[in-house]
Every structure is written in C-alpha cells, then in structure tokens.
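Nothing in this text is a laboratory measurement; each read-out follows from the coordinates by a stated rule. Not measured: the values here are computed from a predicted model. Cβ sites come from the backbone with ideal geometry, for glycine too, and all protein chains shown count toward neighbours.
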Amino acid sequence: MNGPIRRVALGVFFCMSLLLVAVTWYQVVRADELRDDPRNPRPALSERGKERGLIVAMDGTVLARSVEDPETRSFVREYPEGQAFAHLVGYSSFLIGNSGLEAAYAGDLRSRRDLTISDLVAAILGTDLRPKSIEVTADPELQRAAQSILGGNRGAVVALDPSTGAVLASVSNPSFDPELLLGDDAANQWEMLLTEDGEPTRDRATLELYAPGSTFKTVVSAAALDTGTAGPGSTFDDPVEFQLPGSDATISNAWRGTCNDGNSATMLQAFVRSCNTIFADLAIQLGAADIGITAEALGFNQDIEYEWEVPESVWNTAELANDPAALGQSGIGERDVRATPLQMAMVAAAVANDGVAVRPYAVRRIFDADGETVEETEVSELGRAMTSETAVTLTQMMERVVTEGTGTRAAVPGVRVAGKTGTATGTGGFSNPWFIGFAPVDDPSIAIAVFIEGSAASGESAGGGSVAAPIASELIQVWLAS
Amino acid sequence: MGRTSEGATIVAASFLAAFGVALVNFAQGGSVDAQTGLTFLVFLLTFGTLYAAVRAFAPRATPLLIPPVVALVGLGFFEIYRLSPELAGLQRWWMVIAAGVASVVLLLLSKATTSVLRRYRNLILIVTVGLLLLPNLPSGWGFPLKGLEVNGSRLWIVLDLGFTEMQFQPAELAKLGMVIFFAAYLADHQKALREAHRRIGPIRLPEPRQLIPLVLAWGGSLFILVWQRDLGASLLMFAGFVLLLYAATGATGYLVAGGLMTLTGAAAATVLFDHVQRRITAWIAPFEHYQDEGFQIAQGIFALGTGSLSGAGPGLGRPDLIPNASTDFIFAAVGEEIGFAGTVAVLAIYALVVSVGLGISFRSRDTFRKLLAAGLTFVMAVQVFLIIGGVLRIVPLTGITLPFMSYGGSALVGNMVLIALLLRISHEEAA
C-alpha cells in the first residue's frame, strides 16, 4: 500500500512545486510589472503624503507639483493647469491609482526616502533618493487653446513636431479636474466621472480607436504613388455610384453626385474633393497588401512605443485580400479600418517629414532635484513610410485640399497649409469629423489631427471640412504665433 | 528532535507570532502595546496545552508536527491581526477552544485507541452526514439551532445561546468524519476492492459493482455542491476519497475514473450554476473582468507582486484592499507584507507538515491507521493546493480556507483535531 501512497505523495509534492513556481512568477519575475500596473493602487497609496517630482512644460509652466502642508508635514499634489492636461499629465491618486505621465514615470517621480531596506542600501551607496522631475514637450498655450476650442464637443486634438515626433498637444475632451481624485472621496468622484455624460476620463487622443474616414485617403494615395499604380493625373471612371465587386452594395460620394463630369476624374480631383467612388476603385486596384505596406510603415498594426501602452491601429490585410467589396469600403477609411487620433497625426507628420515616420514622445527629459538632466529622450525614427517624391506629391495634393477643396476652412492667412478632411460614420446616425494636416508647407513645424466624436450637426455642416478644419486652422495660428 | 527541543521550538514560534503583532503595532501606531504580550501568552497557553496533552496521552508521538503548525498559525495570526484586531481577538478564543478540543480528542483516544474509530465507522458516517445537513436547517424558525446563508452558500449554522450567538461551519468537522469513514471502509473492503478488476491494456479497470462506493461519494459531493453551493468542500471530499481509494487499491483506474467524474461534475456545474461560471471567468481572465468577477483575484496578484521579494513589512502593505483577505486570501496578504521570503517559508512549512503526515502513514503497519494518516494528510494537502492554487490562478478559486492560517474558528478546530489524530496514530505506531 505504500507504493500508491508514495505515488500520491509524489503528486502532492509536484502540485506544491507548482505553487512555488507560480509564486515565483508573481513575486519575482513579474513583480515590477504588477506593482506598476496602473490598476494597482498600492504604490500610489504608499506614496500618499510623500513628495513627488515636478512635471513641467519646456517654457517652465508647472503642470504638477507637490506642496507641503506645514502642519501635517505631508505633501499634497497640485495640478495648476487642471483640465487641459488631465489626460496627458494624468493624476496620482492614492485611491484610484496613477494615470498618464504620472503613471508612466511613477518610478522616477516618487521619493525614495521611505526607509525600506533596499532604499537604505541605495542611500549608503550614494544614490539620490530625492524625487526626479520630468519636462513635457507639450506647449501649454497650444494645449489650453485646443481644450477651449473643442468646447462642448467630444473629441481629441493631437499635434506633433513632424521632424522629432515630440507631442506639442494631446488633448481629449470633455475633460475633468484631476485634483478631484486626490482626496478621501476620490472613489465617489471617480464613480461620478465614470457615469458622467461624455465619459470625461477616456483619453480619446491616444487610447481610443475610431474609423479614420477620408483622412485615410492620404495613406491610400501614398501607396498608389509609391507603387506607381496611379499619379495625380491618372484618370478613373466617374460614376454616380461605384459598384462594389461581388456585392450588391455601392459606394457614393457625400453629395450623391459624380466626382467630376461623369466621364472621368483624376486622382488629384478625387483627393481634393474627397470622392469616395474613385478611392474605392483605387483601393481595389491597389490591393490590400500594397496599402498594408504603407499603412504599417506609418504605424498601423504596430505596437507603437509611446509613453504608455496605446492600442494598435488596424488595417487588416489578410481579411481584405480576399474581399474586394470590403477593400473598397476600407479604402475610404470605413468598415474595419481603425486609428487613434495619435496615429492619424503620425500620418500627417510622416508626409510633412519627407516621408519618414517618427516615434511620438511627450517627455523631453528627466532631471534630478538639482536640475541636472538624468535622461534625455532621443528622437527615434520608425522608418521611411513613403519615398521622398511621394511625400512631395502628396503634400501638393494636400495643399490643394486646403486651397480649393474640402478643407478650405483649415486655411491660415499667409501660411501654406496642407491637409485632408474626413467624415467617418459614427454611431447612432452621427458622423465623426476629422482633419489631419501640417504647416507651414515649406518647413513644417506642426502636424495635427483633429477628431470630433458624434458631431451633433448633420449633413454637409457635420463634415470634417466644416467642423474639424476650422479648429485645425485656429490651432495652427496659435502655434505659429508663439 | 526530542520532546524538550519540541517545547523550545513551540516557545520560539509563539514568540515569532507575538513579534509579528509587535511589528504591526509599531508600523501603524508607532508603539508596542499589550496585544503583543497577550498574543504570546495565548500562543503559549494554546500550544502548551496541546503539548502537555501529547506528553500525557500520546508520549511516543512524533515531535515534528506541532512546531510547524505553531509557525503556520503564528504567520496567519499576525496577518489577521493586521487586517482586523477584532477578528484576531476572536481568533485567539478559537485557538484556545481548538487546543482544548484537540486535547480532549487525545484524552479520549488514549483509552479507546484509534481502532474505536474503525469500529464505529457507520455511526461516524451518520453523524457526518447529519453535520453536513445542518446548514440546510431553516434560518427563521424558533429552535436555537439555525442554518445560515452567507454569500449565496449554505455552509453555516448558528447556535443561539440566548446571551450570545455562535457560528460554526460543520463541513470543517465533517471533512474529518468523512476521512475516518473512508479509511475504515476501505480498510475493511480493501481486499475485495483491490482484486476485483479487469485489465484493458495498461489500465486496470474496476468491476462495475466496485464502482458503487465511488459513484456514491460522487453523488454526495455533487449534493453538497448543488444544495449548499460549497464548491470547495465538495471537491475536497471527492478528491480525498478518490486518492484514498487509489492508495488502498493501487488501481489506477480509480484515479482515471475519479478524474473524469470530477471534470464532468465541474463542466456540468459550470454550465448550470452562475456562481461557478463567475469563478471560471475570474480564473481565466481576472484582469479583463477587473471591475467585477476578477477584482478579488486581481487584487491578490497585485498584492503578491507589490510584496515582491521582501514584502512591504508587517502592517505596511495594503492587504485590506483584497476582499476576504483574512480568510480565502490570507496567503496573498502574507505575501504582500512579508514577501516572497514569507510565501516560500509558508510553502516549505506546509511541505514539512505533509511530509511528516505521510511519514506517519508510511511507518504504520495497521491498514486502517495507514489509510487514516494518509487520508488526513491528503485532504489537508489538497486543501492547501486548492486555495493557494486558487489565489495563484493555477485552479479556479473554490472558496475554502487555508488550514491553520485563515481566520475561522471551525476550520481551526477541525484542523487541530486533524493534527491530534495524526499525533495519536504516530504514537500508536511507534511501539
């Protein structure tokens, strides 16, 4: 009988060693990752009342600071810029956890003066225990302007420096006051924010995926130019409705008419007027794979290394390769194509940057309590997304959109602006207006994506040209003035 | 290790528990108060009583069993104290009661020896089934003994003594009754069960009629699952029986059949019952269901990860964020505050207790005592694996307590009696 008992015993000890493996997995291998998980409130809880580093803009504007209460000698976090930076800077709440840059740089911003054994050893070895601070690339003026101009709209603005990828603005609207989440009633406040109209805690700029609509025609055009499939002067049939192959469905233009004269239209005309009929046709001629190569070089289907984990924008080559009807719909940025406003700003930035896509970042440097730089962000290229010639041609096409096409309201007096409008199908009969673009054309210093979710207006007035383009125009002016 | 060093180790382990309480006090209030001394005294009283009972009624018992148990109770106790000084106060009373009951068990068995358990196995079975049915008593009637429903499970009885109410989970004692009955039954029928089987290829299959006890046990555990919604006790009882059946017969077929029956029961329960389904969901994807089903498991894992190598320190972590930290999730709470060092120590101590228990079984010459020692150890080991494995996402969470460490009077009494039985067997077999 000892035989079977011994075998069960072996099983029991095998199971116990499984427990040992699992506990090693959580407490050793993945410990840091679990500690820093934004949903884990423990680090923030243990930080309660402790000093945290500064978060400042490059012009010195304070975005987050810790102020000491002289009576209790504990620190309270303040966010002087409030709502405008609520999603980018985030919050550090002992009850709700950390978010935004407060979460991404939690390890640098925290004070190490809390006498754990490892910190004590570090102090003896000469490590600086004071909290470090970070400098943010976003321009407070542009950020505030973007927040106020979005006003009552749900939406997002992302602006990038096209040559470096530095975030000049990243705004999501509606927003909230991060200081609401610092007190003892943070849990209630959080519950209220979650149920509030417009879901202000969602970061629409970097964490939500939307159909990019006609702004995606820039990607399709880049692929067409790169592969030589079509040029600005290439002509296409110009029907009122484009019949999707192998399907009963058709694609028509926003005004339910022909693109040009009903006989033929050029790619340039189609781009400037944003003709769905012709871009559906073009996308099918190009094929899913060729569009996919350009889209992926621009960041689609890639795990973009941003300050925090961002969702992958989607172009599904494999599925579209065998479904020309779906490909036609996807060619105009509908159906299953998805992108974050951050991704669409990257598309505009790549065109502006001579065809080279750059990794976006929002923190320029980390510095210590003496102001010495500890770590500086290096600009890193994602790679060439389109040839230099393609970028030049596409820029000319995008400039025509602003001078005479759907995006005239993005124009800025005295400045050459290039761009593309979009009006994606939203939920519940609403449309989602877009505008992406950059300026000045000769030496671009800003690439921008404006996205409005569920525009209340309908018909022509709800389009990207009338809703999103004017916002871009104003923000470009604010940027160039500063 | 002799009796004297056993006593010294018990004092040392009691000191450890008191030291844990002192550290918690120091971390939270900055001072060390009377709780520390009280804890030390209660530990000395509790385990001193048990130690004295062993010296008196089972003097040849192994000295290796009580010290690790004191260490486990101590590690659990300081964490319960950290989570709720109030619960810790109650737990101290339960410790004294548990030691008393275990000592009485040792006293009674010193006259009758464990063979009495074998002789009255059918009576024990009836009492056990009665115990299991108690929570199904109505909650609203006038009789002072009532059933109680907590979190959708009927596991509790309330004894209304007029001046106070006592709550008890009879399954914790029924567990022991079941093992005693299984061991006695299998010892009596071992031969028949072992020899009646057919061979099909490499697997030995039992004769159909020999499967009847297996089917009955399965039915019984399903009954517990359906009527009392106690997933843990149900699984524990069936696993204990199957392992013991295999130990008695060596027929692999029983393991296979038992495994298949467990899977069938589990699959059916998943389809039929919401509460089982929720546990499966929480097991597979706790972080995807962070806001609801998965919250507890996710918090447990965050607690372990944040605890990392050396832990936050007693009283310095936030194990109070985990729902049911003092019962089901005591392992995660300990892991947060004393870290990987602490969790490895806990696992090592359980491994020691299990080894000692199995050692007692190996050395037993009497079939019943051999099976009883093995059965008691198996049930404890399975329970440790199910609950820690549940916290660590190896198996779905079954909602049973961690022996010796979790808060809970019934569990403490049941497990101390289990230790008393093992001690008594080791005494009887050490001729």
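Go through the stretch B:321-335 residue by residue and turn each phi into a ³J(HN,Hα) via Karplus (6.51, -1.76, 1.60, θ = phi - 60°); whole Hz please, and just put x for glycine and proline.
For the stretch B:321-335, the Karplus-derived couplings read 6, 7, x, 6, 4, 7, 10, 4, 10, 4, 5, 5, 5, 4, x Hz, x marking Gly and Pro.
What lysines does A:LYS217 reach when the alpha-carbon gap must be under 29 Å and sequence neighbours fewer than 8 apart in one chain are set aside?
Correct list for A:LYS217: A:LYS420.
In the P(r) worked out for the protein assembly as shown, what percent of Cα pairs fall beyond 57 Å?
In whole percent, the share of Cα-Cα pairs in the protein assembly as shown beyond 57 Å is 31.
How far, in degrees from 0 to 90, does helix A:2-24 lean away from the longest principal axis of the Cα atoms of chain A, to the nearest 10?
Computed tilt is about 70 degrees.
Of B:THR264, B:LEU109, B:GLY74, which is farthest on the positive side of the dipole of chain B, counting Cα position, with +1 on Lys and Arg Cβ, -1 on Asp and Glu Cβ, and the Cα centre as origin?
Farthest towards the positive pole: B:LEU109.
Principal axis extents for chain B, Cα atoms only, whole Å, descending order, please.
69, 55, 52
Once you keep just the Cα pairs under 8 angstrom separated by 6 or more residues, what percentage relative contact order results for the stretch B:10-91?
Averaging sequence separation for qualifying contacts and normalising by length gives 41 percent for the stretch B:10-91.
How far is it, in nm, from the label point at A:VAL62 to the one at B:ALA341 when both lie 7 Å from their Cα along the line to the Cβ?
4.0
Just rank A:PHE451, A:PHE242, fewest to most, by other beta-carbon atoms within 10 angstrom.
By the 10 Å Cβ count, ascending: A:PHE242, A:PHE451.
Kindly provide the GluC sites (Glu not before Pro) of the stretch A:28-77 that DSSP labels as loop, not H, G, I, E or B, and whose Cβ sees at most 12 other Cβ atoms within 10 Å.
A:GLU71
With a point put 7 Å past each Cα toward its Cβ, work out how far A:VAL379 is from B:HIS275 in nm, to one decimal.
With each label placed 7 Å out from Cα toward Cβ, I get 6.3 nm.
For an R0 of 60 angstrom, estimate the FRET efficiency from the Cβ-Cβ distance between A:VAL21 and A:ASN263 and round to the nearest 0.05.
Result of the calculation: an efficiency of 0.25.
In 5 Å bins starting at 0, how do the alpha-carbon pair distances of the stretch B:334-376 split up by percent?
In whole percents, the pair-distance histogram is 6, 24, 18, 13, 11, 10, 10, 6, 2.
Taking other Cβ within 10 Å of each residue's Cβ, how do B:HIS289, A:HIS87 sort, fewest first?
B:HIS289, A:HIS87
Compute the length gained on full extension between A:GLU241 and A:MET192: take 0.36 nm times their separation in residues and subtract their Cα-Cα distance, giving the result in nm to one decimal.
12.9 nm
Which of the lysines could a cross-linker bridge to B:LYS370, judged by Cα under 19 Å and excluding same-chain residues fewer than eight apart?
Straight-distance partners of B:LYS370: B:LYS175, B:LYS191.
Would you mind getting me the FRET efficiency between B:ARG119 and B:ASP320? Use the beta-carbon distance for r and R0 = 35 Å, nearest 0.05. Could the numbers behind the result be given before it?
Working: r = 49 Å, r/R0 = 1.40.
With a Förster radius of 35 Å, E is 0.10.
Using a 10 Å cut-off on Cβ to Cβ distances, tally the other chain neighbours for every residue of B:296-306 and report the average as a whole number.
What the average comes to for B:296-306 is 6.
Quick check for me: using +1 on Lys/Arg Cβ and -1 on Asp/Glu Cβ, what's the dipole size of chain B about its Cα centre, in debye to the nearest 20? Intermediate results must be reported in sequence, preceding the final value.
On the way: 28 positive and 23 negative charges, 358 e Å.
Magnitude of the dipole: close to 1720 debye.
Compute all pairwise cysteine Cβ distances in the protein assembly as shown, then list the cysteines with no distance under 4.7 Å to another cysteine.
A:CYS15
Counting other C-beta atoms within 10 Å, which of B:TRP227, A:TRP308 has the fewest, and how do the rest follow?
B:TRP227, A:TRP308
Determine the gain in length on full extension of the stretch B:LEU45-B:ALA268; use 0.36 nm per residue of separation and subtract their C-alpha separation, reporting nm with one decimal.
Full extension of this stretch gives 75.5 nm more.
Pop out the ³J(HN,Hα) list for the stretch B:303-308 in order, Karplus 6.51 cos²θ - 1.76 cosθ + 1.60 with θ = phi - 60°, rounded to Hz; leave Gly and Pro as x.
Working through the residues one at a time gives 4, 5, x, 5, x, 6 Hz.
Under the Karplus relation 6.51 cos²θ - 1.76 cosθ + 1.60, θ = phi - 60°, what is the ordered set of whole-Hz ³J(HN,Hα) values for the stretch A:235-241, x standing for Gly and Pro?
9, 10, 4, 10, x, 6, 10
With the crude spin-label approximation of a point 7 Å out along Cα→Cβ, what separation in nm comes out for B:GLN167 versus A:GLU199?
3.9
At a Förster radius of 56 Å, what calculated FRET efficiency corresponds to the Cβ-Cβ distance of A:GLU319 and B:LEU216, to the nearest 0.05?
Once rounded, the FRET efficiency stands at 0.55.
Going by amide H atoms built from the backbone, whose H comes under 5 Å of the H on A:TYR361, apart from near neighbours?
A:ALA166, A:VAL167
Express in % the proportion of alpha carbon pairs of chain A at distances exceeding 41 Å. It would help to have the intermediate numbers written out before the result.
Values: 32049 of 115921 pairs.
Above the 41 Å cut-off, chain A has 28 percent of its Cα pairs.
For a label point 7 angstrom out from the Cα of A:LYS50 toward its Cβ, which stretches of the stretch A:67-90 have the backbone nitrogen within less than 15 Å?
Output list for this probe position: A:74-77.
Quick one: length gained pulling B:ALA430 to B:ALA56 fully straight, 0.36 nm per residue minus the C-alpha distance?
That works out to 133.1 nm of additional length.
Compute the label zone of B:LYS191 within the stretch B:355-375: residues whose backbone N is under 15 Å from the point 7 Å along Cα-to-Cβ.
B:367-368
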